[in-house]
Amino acid sequence: MDDGEVRPGWRGLGWWVLGAGVVGAIAFPGVHTGIGWVIGGLAVAVIALVARRHRDGKALAVPMGGKRPGSVVEVGARAGKALAVRAGDAQVGLVVAADAREDDEPAGGDAESGSVVAAGVGADGTPGAEAGGRGVAGGGVVGGGVVGGGVVGGGVASRAGRVDRAWQGAAGLAALVLLAIPGIRAAVWLDVLCVLAAGALGSYSLAGGRSWAGIGLGVLAVPRAVPAGVGLVARTTTDDGDGRRWRVLAAAGVGLVLVMVFGAMFRAADERFERLISSWVPDLSAGTVVRWLFGFVLVGAVAAGVARVARCGAPTVHDGETKMLAPDERTRLRTAEWAVPLGMLVALFAVFVGTQLGTLFGGREHVLDPRGPDFAEYARTGFGLLFLVTVLTLGVVAALSRFAGRTDRRDRMLLRGLGGALCGLTLVIVASALERIHLYAGAYGFSHERLLGYAVEVWLGLLFVLVLVAGRRLRANWLPRAVTASAVVMQIGVAAVNPEALMARTHIDRLEHGYPLDTAFLDSLSADAAEEIEKVPPVWRTCDEAARPAQPDPWYRFNLSRHRAHRIDDDTRC
């Protein structure tokens, strides 16, 4: 679609985007946590649904034998439309999309699903019915102008399209779940991670993608579309034809003035009405105005980018481009060139794991031995080094999958054997690293760094399990999306366990072993830890109320953890 062209459908969509911006201005919680984040996300989701329902038609090239003599002049917004196909200047056939995909791509090449039926007269003068009866097996327009490359395999393509839509739908739901976490957890660091991940997932849910490059483009699709989307919204809302919407806005402005005038008089006449309105209307301070403006700009810009992607599509990585990114068979390593270093590395891992079992899994007994290290040395240095080993090994596995030759059965068996052994030994090292940090946390309690390191190490172990499963066939088109999904599940899992409450619990448990309580660390935690801190013996309590604010939050900053913290009795807290 030409960004300079304003189509009628875009005029209505532009006003929907402005409405989403108004919702964002009202609900945006600023730099605080609260349910306003998920409300803004729901407003953007509505824009995506509206844009999908009124998606623009677009011109599509129909390849013929590797050339472009035919093209689809116009594709309707819904499936089942008649599509005119032209070769040169003459109309040579009619293609009817009987089961087109949502974005109206023809059922060929990179199309996700669909089947095409021919009618009219073919390019060679063959009647459409006869040409259609011959069927289509290759890419291009054959006989009656039927789009090829996927018609015969329409069932497989349709199934792949359903799988893609399922992944994208799951990503959209996960984005909303992540945006809801700031309304539940009060830890700012956790909520920032969730909001960023939700933005990436929301973009992917619209653009899609299967390969690593496709997922990367999907994640960046909405940010890249924001400038074009904002420009379209600006042009569509100013070019209103007969000005009907501006008259509606003017009428709404008059109504707002009347409400303000009579409302001021009612507030002055009745005290109860005054208290009610005061609880609804925020104070018009400079901070409130800045929050409104920032919320309008942020949510409005995201909504404009979402509308642009949902309406006009996003760049995708096609099979041809993916093959260009993959190494040519001539550049792959021969068997000796990758098997020898890989075998040496596997042998090193095996010797290390075999000779250091007592150190790897010695646990408390190894540390308490007079010749053993202290807890800090054992956990911090050991975990850091083993974490680095895990990451580097993942890089080795990725290089093998890309460059290792697998021309015959012997190469494939050798790659499975050595690669599987390397991943299996690495899983042992991952388990050792987790045991070390768990032992350290048992002695000193979890901190933010220790908990995040533990979660990332668990995720890396899960990646090696996925790599082992993928290595069974040495082909895993599902792996990029599975890796991304595992990261999302891990992040939601960390939020579900309430990490700051877990930190407080592990620090408080140290009292049972005679260790002093780090009250400064507990006071630095958010309201997520309030219920755990309530269990601290009175002798260790402080009156620092930073984690449990005294004043209730406005509705757009409602947070479940802070709400529960408000209910803690003052005698219990201090």
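The table below gives the values:
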{"quantity": "Subset tally (residues that are surrounded by fewer than 17 Cβ atoms within 10 Å (Cβ to Cβ) and at pLDDT below 90) for the stretch 432-448", "calculated": "1"}
{"quantity": "Failed condition for P538, given (1) more than 25 Å from R567 (Cβ to Cβ); (2) open to solvent by 60 Å² or more (accessible area, probe 1.4 Å); (3) modelled with pLDDT under 90", "calculated": "(1)"}
{"quantity": "Tabulated pairs, the stretch 420-440, first in contact (Cβ under 8 Å) with a residue 40 or more places away in the chain, second surrounded by 23 or more Cβ atoms within 10 Å (Cβ to Cβ) and of a type in the set (G, A, S), C-beta under 7 angstrom, 6+ apart or interchain", "calculated": "R436/A379; I437/A379; L439/A379; Y440/A379"}
{"quantity": "Matching residues, the stretch 264-286, being open to solvent by less than 70 Å² (accessible area, probe 1.4 Å), modelled with pLDDT under 80 and part of a helix (DSSP H, G or I)", "calculated": "I277, S278"}
{"quantity": "Per-region count, the stretch 463-498, residues farther than 19 Å from A187 by Cβ, assigned to a helix (DSSP H, G or I) and not aliphatic (A, V, I, L, M)", "calculated": "5"}
{"quantity": "Hey, I429 closer than 30 Å to P516 by Cα, modelled with pLDDT of 80 or more and buried (at least 17 other Cβ atoms within 10 Å of the Cβ) or not", "calculated": "no"}
{"quantity": "Inter-residue pairs, beta-carbon under 6 Å, first more than 14 Å from F446 (Cβ to Cβ) and in the stretch 504-522, second assigned to a helix (DSSP H, G or I) and among the aromatic types (F, W, Y), 6+ apart", "calculated": "L517/W540"}
{"quantity": "Any hit, the stretch 211-218, residues being open to solvent by 20 Å² or more (accessible area, probe 1.4 Å), farther than 30 Å from A476 by Cα and either within 19 Å of the chain's Cα centre (by Cα) or of a type in the set (A, V, I, L, M, F, W, C) (or both)", "calculated": "no"}
{"quantity": "Enumerated helices (runs of 4 or more DSSP H) restricted to the stretch 294-371, each holding at least 2 residues that are at pLDDT below 65", "calculated": "319-325, 357-360, 363-368"}
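The values are calculated or read from the model by the stated rules, or taken from the named source; none is laboratory data. Since the structure is predicted, the reported quantities are computational estimates derived from the model, not experimental observations. No Cβ is skipped: glycine too gets one built from the backbone with ideal geometry, and neighbour counts run over all protein chains shown. The area values use the complete protein model at the heavy-atom level, side chains included, leaving out ligands, DNA and RNA. Shrake-Rupley method; radii C 1.70, N 1.55, O 1.52, S 1.80 Å.
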